[in-house]
Amino acid sequence: MIAMISLSLFGIVTAFGIAPSTSLKKIQVEDVVLDLSIPDVFSETESNLTFWRQESIRRGDTIAAILARLEINKEDTIDFLRAARDSKAMRQLRSGKIIYAQTTADGELLMLRYFFGNEELFLMEKVDSAFQMTEQQIELDARIRMRSGVVNSSLFATTDRAGVPNNVAMQITEIFSSDIDFHRDLHKGDRFTVVYETLYDNGEHAKTGRVLAVEFVNKGKSYQAVYFQNSSGEGGYYTPEGKSLRKEFLRSPLTFSRISSGFTKARFHPILKKWRAHKGIDYAAPAGTPVKATASGTVTFAGTQAGYGKLIILKHRGKYDTAYGHLSAFARGLNKGKRVNQGDIIGYVGSTGMATGPHLHYELRVDGEQRDPSKIVLPGAPPIVKKDLAAFHKETKSLVARLNIMRNINYASLN
């Protein structure tokens, strides 16, 4: 018997056979039409599903804007805002932090979690169709994670492939910001190994913690850092030998960008159309990019000044000043006489003054004279004090060992 198989539109398999030497004329053919009903299980199942979603807080965000991106329905949005009107956490929406929400497929909000402040939890839960809010201090369980990667393009593309959170990648750039210029010094084949904390609340991931140890190999040169809190309670990053990695000045006031004009005695000015000295460094970046203070100091000027447009000048220890020009805006509360710390956001990239497009004009001034930041030798921070050395080596020994293990695994995989 010769078998033939047919697959219908609804996935029903039928088989029929024809015996040899059978006359086809004698076969009676009858058409049968049946109505097949498909159970409506998909819509019912989907409506019962719940999802955990997350949204990063953006600069200038409101909780209403975040709920909209989470696609929360209008009724729950109104009820949430009413229940959270006296919330401390909702007044502390910090750019870069994550908000987690449990929702249904049709936009009903079941739960929203936000870790703010110093390990404080904001929790909004729907109980019997009404929202209940709690804000409390919690103790998070720390788990250590280790990751490594090889740079093929950008640092963030590499850390994404290695499963490293963006927050950790940002910490890496800040830790080595005085030794590596991630705008110009990053090369294909550079490698990193990082040991960091991941914090959990009752077994559920709460947030990414601090980098504990990291090694970055840039153009064949290894840079290592370990975190240590001294007897005075001050934490920082040091080499395994106890030398502080914090320099008095960062290499760059922007985390990531590109240099569009360097420090030179002769540059053709795109607006004035003539040759003149360019006594600073221009960093091209999108408008609104945060600008950091490269060193701790005091604001001596925050206003508009000729070709600089919106300008900030900081006075630092000793003979040093820095200037930040063409800004679109100043950080909230920044004014003359305000004290700022290294790494604080002081303004945002713009194109005010004589600028053809968004960029930051940065100057380092020594005794009032502009100097090339990439060539001048700047002072560093003091090393571990003698009384803390024994504790330092004891606490960081295991971190250095973890770096060595991950490096050896990485080398083995490359070979």
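The values are calculated or read from the model by the stated rules, or taken from the named source; none is laboratory data. All of these numbers come straight from a predicted model, not from anything done at the bench. We place every Cβ from the backbone using ideal geometry, glycine too, and count neighbours over all the protein chains shown. To get the accessible areas, we keep the full protein, side chains included, count just its heavy atoms, and leave off ligands, DNA and RNA. Shrake-Rupley method; radii C 1.70, N 1.55, O 1.52, S 1.80 Å.
Going by accessible area, probe 1.4 Å, with all protein chains left in place, what is the ranking of GLU197, GLU395, largest first? Don't skip to the end; give the middle numbers.
Working: GLU197 45, GLU395 110 Å².
Ranked from most to least accessible, the order is GLU395, GLU197.
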C-alpha center-to-center spacing [the range 305-349, the range 127-161] in angstrom: 32
Cross-link pairs LYS319/LYS375; LYS219/LYS279; LYS188/LYS397; LYS243/LYS319; LYS319/LYS386; LYS247/LYS319 - those with Cα-Cα distance over 19 Å: LYS219/LYS279; LYS188/LYS397; LYS243/LYS319; LYS319/LYS386
Hey, what do the phi angles of the range 390-398 turn into as Karplus ³J(HN,Hα) couplings, whole Hz, using 6.51/-1.76/1.60 and θ = phi - 60°, x for Gly and Pro? 4, 5, 4, 5, 5, 6, 9, 4, 5
Excluding ligands and nucleic acids, what accessible area in Å² is computed for LEU186 using a 1.4 Å probe, to the nearest 10? 40
At what distance in nm do the modelled label points of ASP185 and ILE138 sit from each other, each positioned 7 Å from its Cα along Cα→Cβ? 3.8
